[in-house]
Amino acid sequence: MVRLIDLLKKGGIILELKAKEKVEAIKELAGVLIEKELITDAQTFFQEILKRENLESTGIGMGIALPHARSPAVKELVVVFGRSEEGVDFSSLDQKPSHLIFLIAAPEERKDEYIYTLVKISKLLRKDDVRIALNKVKNEEEVLTIVRDYE
Amino acid sequence: MNLDKILLYCDNLTLEAMEFALNLAAKLSAKIFTIYVIDPKFIAQKVKLENKDKEKIKDEIEDFAWKVLYEIEDRAALLDVKTSLLLLEGKPSRILREIAEGYEISLLIIPRFSRLNLERFLAQNKERAVIIF
């Protein structure tokens, strides 16, 4: 089974997101995947992920957002984590800004692993101590340690 | 009656009931609030029956709950149906009522094999449409 830590290592971590709003935040996170050539067609991927975002609020409350999409433009299952001190409005049901943002990108055909990854991240972030710790980390290694400890 | 917000309760939800709810939402251009409620009573029963640790049981239920919710969300996206996923803990009948009121839900879809006392639930929710599927 896939391990979140491997998906994060493959994807990336941005501890200080510059973006102040949702679309910009998604672009900033997806930019990491484009740089690493994990996405074959950036425009197709943006369209897919923004379509998903328009259909549902991926801000799941408690300061968390999980923008995600399966797309033929994605080469392999990856996760990018971004943290925003100020918070980004992801239209969460609790109407609070999102500080911890995990972007999940998957190839069209890897549905089971994609859902498994969403389940894993959702469960991980329901833990108060994980959210508190992720809001405090000072470097990427600390993020990976938190994820490793809970996996 | 404007059926623009549908609440789908995921408890022993069949594939047919899920398809029915999503297709109905697509036809009505309605938003679907998909809710899974972790019932502490159910956890207690499972602890007794399976002789497992409470946290372990809760973890398994949460795992299953998210899987159901994300499967529905994935299917909803293919049908261009707007969704919101909710995973809450507590007494299901109370939570369903609170969510229905809070989000001004116009239609509730309840699986026929749900553990709710359907007769009592219907009697307590007369102000909005309910489909038992």
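A:Phe90 meets the stated requirement of being closer than 18 Å to A:Lys27 by Cα, more than 12 Å from the chain's Cα centre (by Cα), buried (at least 18 other Cβ atoms within 10 Å of the Cβ) and not aliphatic (A, V, I, L, M). If you go through the stretch A:91-104 and keep only what is within 14 Å of another protein chain (Cβ to nearest Cβ) and at pLDDT 95 or above, you end up with A:Phe102, A:Ile104.
Please work out if B:Leu78 is within 14 Å of chain A (Cβ to nearest Cβ) and more than 11 Å from the chain's Cα centre (by Cα). Spelling it out, B:Leu78 is indeed within 14 Å of chain A (Cβ to nearest Cβ) and more than 11 Å from the chain's Cα centre (by Cα). Residues in the stretch B:81-92 that are surrounded by fewer than 19 Cβ atoms within 10 Å (Cβ to Cβ) and more than 11 Å from chain A (Cβ to nearest Cβ): B:Gly90, B:Lys91.
Only one of the listed residues (B:Ile110, B:Ile105) is among the β-branched types (Val, Ile, Thr), modelled with pLDDT of 95 or more and closer than 13 Å to B:Lys31 by Cα. That residue is B:Ile105. Scanning the stretch B:67-113 for residues being among the small types (Gly, Ala, Ser) and either under 22 Å from A:Ser122 (Cα atoms) or without any contact (Cβ under 8 Å) to a residue 12 or more places away in the chain (or both) gives a total of 5. Against the list (1) in contact with a Pro (Cβ under 7 Å, 6 or more places away or on another chain); (2) more than 14 Å from chain B (Cβ to nearest Cβ); (3) under 19 Å from A:Arg131 (Cα atoms), the condition A:Thr58 fails is (2).
The values are calculated or read from the model by the stated rules, or taken from the named source; none is laboratory data. Since the structure is predicted, the reported quantities are computational estimates derived from the model, not experimental observations. Don't worry about glycine lacking a Cβ; one is built from the backbone with ideal geometry, like all the others, and counts go over all protein chains shown.
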